[in-house]
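J.: Attaching a single structure in structure tokens format; questions to follow.
The values are calculated or read from the model by the stated rules, or taken from the named source; none is laboratory data. Note that the structure is predicted; figures quoted are calculated from it, not measured. So basically every Cβ, Gly included, is an ideal-geometry build from the backbone, and we count neighbours across all protein chains shown.
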Amino acid sequence: MAEMAVSLAIQQLLPLLRKEANLLGGIHKEFAYIKDELESIQAFLKDAEKRAAVEGDNVREGVKIWVKQVIGVAFRIEDIIDEYMIYEPRKPRHPKYPDSLHKIVQLIKTLIPRHRIGSKIQEVKSSVCMIKERSERYGFQIQPQESSGIQNAKWYDPRLDTLHMEEIDVVGFQESRERLIGWLVKGRVERTVVSVVGMGGQGKTTLAKNVFDSKEVCGHFDCRVWITVSQSYSIEGLLRDMLRKFHKSLPRDIPTEMDRGSLIDEVRNYLQQKRYVVVFDDVWNMHFWNEIESAVIDNKNGSKIFITTRNIDVALSCKRSSLVKVHELQPLTEEQSLELFNKKAFQFDKCCCPKELIDISYDIVKKCKGLPLAIVAIGGLLSLRDKNSIEWKRFCENLLLELNKDSNLIGIKEILSLSYNDLPYYLRSCLLYFGLYPEDYEIESKILLRQWIAEGFVKEERGKTLEEVAETYLSELINRSLVQISSINIDGKVKSCRVHDLLRVMIFEKFKDLSFCCHISEDSQSSLSKQFRRLSIETNSNDLMASIEGSHVRSLLVFTDKEITEEFVNKITTKFKLLKVLDFKDTSLDFVPRNIGNLIHLKYLSFRNTDVKSLPKSIGMLQNLETLDVRGTDIHEMPKEISKLRKLLHLRGYTMSFIKLKDGIGDMTSLQSLRYVVLDGEEVVELIQELKKLKQLRELGLVRLRREHGSVLSSLVNEMQHLEKLHIREKPTNTNEVNIDLHLISCPPMLRDIRLYGKLEKLPEWIPKLQNLVELKLECSQLTDDPMESLKHMQHLLSLYISHHGYEGESLYFQNGGFHKLKELNIGNSSSLRSIIIDKGSLCSLRKLELWRNTQLKTVPTGIQHLEKLKVLNIWDMPTEFVQSIAPNGGKEHWTIQHVPFVKFYPAGGKSVRYFRTKN
């Protein structure tokens, strides 16, 4: 009877529901329509941003207002698309429900949301029509046009007012000046291109002008010409400018009927017999050299081309057909910065800083981060103000505000904006993303790249992973001198990076214009913007959170060091349901809300270095998640629902137990990095068999390995042909007799990084065969035979680390001809090692050597004086005899390390570090 009642109810409901469904059927077409319109709006925004960059102030402000309105419409369309995607996927039928009942349940569940989405689509369509009408009226492009420069634009170069300093004001350039003069007046007879590369405001033009006007250069060349190129140029215009400067007696204008070919011939004829130097200042275009090369003839007379640029790729592009020398400018040191600042700020006081202003001056200079343009402009401004400590302190505290309001300082921002305006559109959001991080924050490049990918900034390229494409984006920003490298990995890849604080000022201006991001801090204004795409939080104030409208937010980064309340976190999961990036790294968060699964668009999720202890089951609902980082947390046992994350690429933790999902981990076939998985328990073999299914793995970390699992683990690694990093740590025992028993027959050819923590007794035969290996780390290996004979011919090995009883023999011998590319060598915690012998001709590329807690090593390595490229020598907790032998005040072996620029002693017992520089 019950079944008959249900069947009758279904028959009565279905016609009504079908009618309603038919009314909503058109939503699919409407959805497709607004997706297409979003692409047109995005094309409009590209054109509008270019217009705003080159038009006059009045037009620019009008464009900015209009752009904000259009951005609001674009945000609304993106919200509709994301909401639609929540309800569109069809869920599988529940086995207990008949098909008809399942259809009714699904229709009822989606009826109200689809009604709401349909209404929103109708509202936004009218806004789209308005955009089209006004776009045509204002003459905006609706097709994207990429360009490496802004052509035919009227613009003003603020460097003309601030950067050209008198020679007495040139500080910190002495060494660079001498090097560049040497490159210009010496060298081979073939034409040579000399380039100076640096970020905007770093002093490229000032340095070049100083070199160009030096008596050495003036006396060496028959002909000297300075040509300013900049973003808007034509080759014909540059050639005419060159000819006018060659022939100063000619009329101002070269005949207009001369085409490019005629102009090139005229320039070549003039330069034919001359030793010349031509400066091309401020070159932006990668194709510039191809366009100008044929005019500047190689007359085999020692002629030089001198280029200044913000983009190192411009300098390197000349290599195809000419000798090239590149000088990359570095920021001024603190001492140089203070010297330059005093010359400008106290130019009317004999460049002498009053005692009461010394500390404040230092604080001001520190904020300039070694950028000469900023130091000169700020110093010049303060030279006109009263030397009042209270006023100067107020100026220092409000420096960022001063940069925006004072006409004498606005030029700094304008100069940096030129680099932004020259960026291709796909790189602009990548640069602006740096503004989400706090001031002076060093960003791990891996994190940054994965957040870019989650945001959708990175476009697919055939034959490359998205992360590889993102790496090229970062390299381009670095090459354009917009991003500074903080640290690099041993293989030369960027480990961490940052942007100059003054560049952040420009980025913050773009935030306001483009509604790119909103910052919330303790001192945030009460009237926060309601329209923004990203949120960076440095507070957990619920009052501030309550004032935020979160529907547009796609990225949320939290940086507060204060306690994070449950109320605060729950507001995030309810207000920001369309998030793609959520980062709690280094916060005091101690729980994950149960409804975290509601954030189904989430692609990047980090709880790294928090107090979180477990993950809720709803984590399995995050079907779009690509990165999950739980390193440095108390999360160890992973819920079985993790296996539902089929798009997950990166799963990072320190000791993750997968026993609960041993039957599902093999379904996560997208995984590329997985570290560190605990191999413990009775079902380890089954788990390893599941791991074999992860054919895309590039990084694998395993801990608590047992000897009996060596065979099946070897089989696993042999099958992972994409593997680049392999980290294995044995299960410790009281006797420490467990061996890492790996027998690799067909080693993954791309292996670059191996770290083995556990007993080996002898070096595995397969390790020296890994000719792509870059890093090798052996800990607790208890090797008794010197491994250097086997390792010496590894062609790409850059870093070798042997520690914690990794070697138990008495001597290590680095033979002549071995380890040609090794850059870092770390040998530590050996109780048997008594001597290290280095032949001349070995370790010829070594830059860093660390020796620590080798209790029997009482003499400096024999032959260390042959390591000509050694830059850093770190000595940690070594025997007293060792330290005394190389002490600078009478050590018998001190002469052997006099060529090493930096030597550090780290004494035992936690005492302060002793440091000395051995040469100037």
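J.: When the residues of segment 448-496 are filtered to those that are basic (Lys, Arg) and touching a residue at least 40 places away in the same chain (Cβ under 8 Å), which remaining residue is surrounded by the fewest Cβ atoms within 10 Å (Cβ to Cβ)?
T.: Lys493
J.: Which one of Leu615, Leu625 is in contact with an Asp or Glu (Cβ under 9 Å, 6 or more places away or on another chain) and at pLDDT 95 or above?
T.: Result: Leu615 is the single residue among Leu615, Leu625 that is in contact with an Asp or Glu (Cβ under 9 Å, 6 or more places away or on another chain) and at pLDDT 95 or above.
J.: Still on this model: Just to be sure before I move on: is Asp386 modelled with pLDDT of 80 or more and over 22 Å from Gly172 (Cα atoms) in the structure I sent?
T.: Yes, satisfied.
J.: Also, I was wondering about something else. Taking only segment 278-307 into account, find how many residues are polar (S, T, N, Q) and either modelled with pLDDT of 95 or more or under 15 Å from Arg188 (Cα atoms) (or both).
T.: Residues meeting the conditions: 3.
J.: Among (1) surrounded by fewer than 16 Cβ atoms within 10 Å (Cβ to Cβ); (2) more than 24 Å from Phe457 (Cα to Cα), where does Val612 come up short?
T.: Going through (1) surrounded by fewer than 16 Cβ atoms within 10 Å (Cβ to Cβ); (2) more than 24 Å from Phe457 (Cα to Cα) one by one, Val612 breaks only (1).
J.: Out of the residues in segment 878-891 that are closer than 22 Å to Ser803 by Cα and either of a type outside the set (Asp, Glu) or modelled with pLDDT under 90 (or both), which is nearest to the chain's Cα centre (by Cα)?
T.: The residue in question is Met878.
J.: Which condition number does Leu340 fail, the rest of (1) buried (at least 20 other Cβ atoms within 10 Å of the Cβ); (2) within 25 Å of the chain's Cα centre (by Cα); (3) in a helix (DSSP H, G or I) being met?
T.: The failed condition is (2).
J.: For segment 867-905, name all the residues that are of a type in the set (Val, Ile, Thr), outside any loop (DSSP other than H, G, I, E, B) and touching a helix residue (DSSP H, G or I) at 6+ places or on another chain (Cβ under 8 Å).
T.: Hits for segment 867-905 are Ile875, Thr896, Ile897, Val903.
J.: Mind checking whether some residue in segment 322-334 is assigned to a helix (DSSP H, G or I) and farther than 26 Å from Tyr473 by Cα?
T.: So far as segment 322-334 goes, yes, one or more of its residues are assigned to a helix (DSSP H, G or I) and farther than 26 Å from Tyr473 by Cα.
J.: Would you be able to tell me the number of residues in segment 280-304 that are closer than 15 Å to Phe221 by Cβ and buried (at least 22 other Cβ atoms within 10 Å of the Cβ)?
T.: The number of residues fulfilling the criteria is 3.
J.: If you take the residues of segment 898-914 that are hydrophobic (A, V, I, L, M, F, W, C) and modelled with pLDDT of 80 or more, which of them is nearest to the chain's Cα centre (by Cα)?
T.: For segment 898-914, the residue satisfying everything is Phe902.
J.: State whether the residues of segment 344-367 include one that is in a loop (DSSP other than H, G, I, E, B), surrounded by 19 or more Cβ atoms within 10 Å (Cβ to Cβ) and among the hydroxyl-bearing types (Ser, Thr, Tyr).
T.: no
J.: I'd like the full set of residues that are among the basic types (Lys, Arg) and under 25 Å from Asp877 (Cβ atoms), limited to segment 782-840.
T.: Answer for segment 782-840, where residues must be among the basic types (Lys, Arg) and under 25 Å from Asp877 (Cβ atoms): Lys823, Arg834.
J.: If you don't mind, there's one more thing I want to ask. Sort through Glu708, Glu682 and tell me the only one that's in a helix (DSSP H, G or I) and on the phi < 0 side of the Ramachandran plot.
T.: Matching residue, one of Glu708, Glu682: Glu708.
J.: Among Leu773, Leu694, Leu726, Leu716, which is in a helix (DSSP H, G or I), modelled with pLDDT of 85 or more and either surrounded by 16 or more Cβ atoms within 10 Å (Cβ to Cβ) or under 37 Å from the mean Cα position of the chain (by Cα) (or both)?
T.: Leu716
J.: Does segment 502-530 hold any residues that are assigned to a helix (DSSP H, G or I) and modelled with pLDDT under 80, and which are they?
T.: Leu502, the sole residue that qualifies.
J.: Filter segment 370-384 down to the residues that are under 23 Å from Ser417 (Cβ atoms) and either touching a strand residue (DSSP E or B) at 6+ places or on another chain (Cβ under 9 Å) or in a helix (DSSP H, G or I) (or both) and list them by number.
T.: Answer for segment 370-384, where residues must be under 23 Å from Ser417 (Cβ atoms) and either touching a strand residue (DSSP E or B) at 6+ places or on another chain (Cβ under 9 Å) or in a helix (DSSP H, G or I) (or both): Pro372, Leu373, Ala374, Ile375, Val376, Ala377, Ile378, Gly379, Gly380, Leu381.
J.: Within segment 454-481, track down each residue that is hydrophobic (A, V, I, L, M, F, W, C) and in contact with a Phe, Trp or Tyr (Cβ under 8 Å, 6 or more places away or on another chain).
T.: Those that are hydrophobic (A, V, I, L, M, F, W, C) and in contact with a Phe, Trp or Tyr (Cβ under 8 Å, 6 or more places away or on another chain): Ala454, Phe457, Val458, Ala470.
J.: Right, Leu418: modelled with pLDDT under 80 and either crowded, with 17+ Cβ neighbours inside 10 Å or outside any helix (DSSP H, G or I) (or both) or not?
T.: So Leu418 passes the test.
J.: Sticking with this one: So, restricting to strands (runs of 3 or more DSSP E) that lie completely within segment 556-643, which ones have at least 1 residues that are of a type in the set (S, T, N, Q)?
T.: Fully inside segment 556-643 and qualifying: 604-606, 627-629.
J.: Spot the failing condition for Arg385; the list is (1) in contact with a helix residue (DSSP H, G or I) (Cβ under 8 Å, 6 or more places away or on another chain); (2) outside the structural domain of Asp241 (by TED's automatic domain parsing); (3) in contact (Cβ under 8 Å) with a residue 24 or more places away in the chain, and only one is missed.
T.: (3)
J.: Of all residues being over 24 Å from Asn489 (Cβ atoms) and either touching a Phe, Trp or Tyr at 6+ places or on another chain (Cβ under 8 Å) or crowded, with 18+ Cβ neighbours inside 10 Å (or both) in segment 424-445, which is modelled with the lowest pLDDT? Just the residue, please.
T.: Tyr426
J.: Also, I was wondering about something else. Could you check segment 175-195 and list, in sequence order, the residues that are part of a helix (DSSP H, G or I) and within 23 Å of Gln336 (Cβ to Cβ)?
T.: Hits for segment 175-195 are Glu175, Ser176, Arg177, Glu178, Arg179, Leu180, Ile181, Gly182, Trp183.
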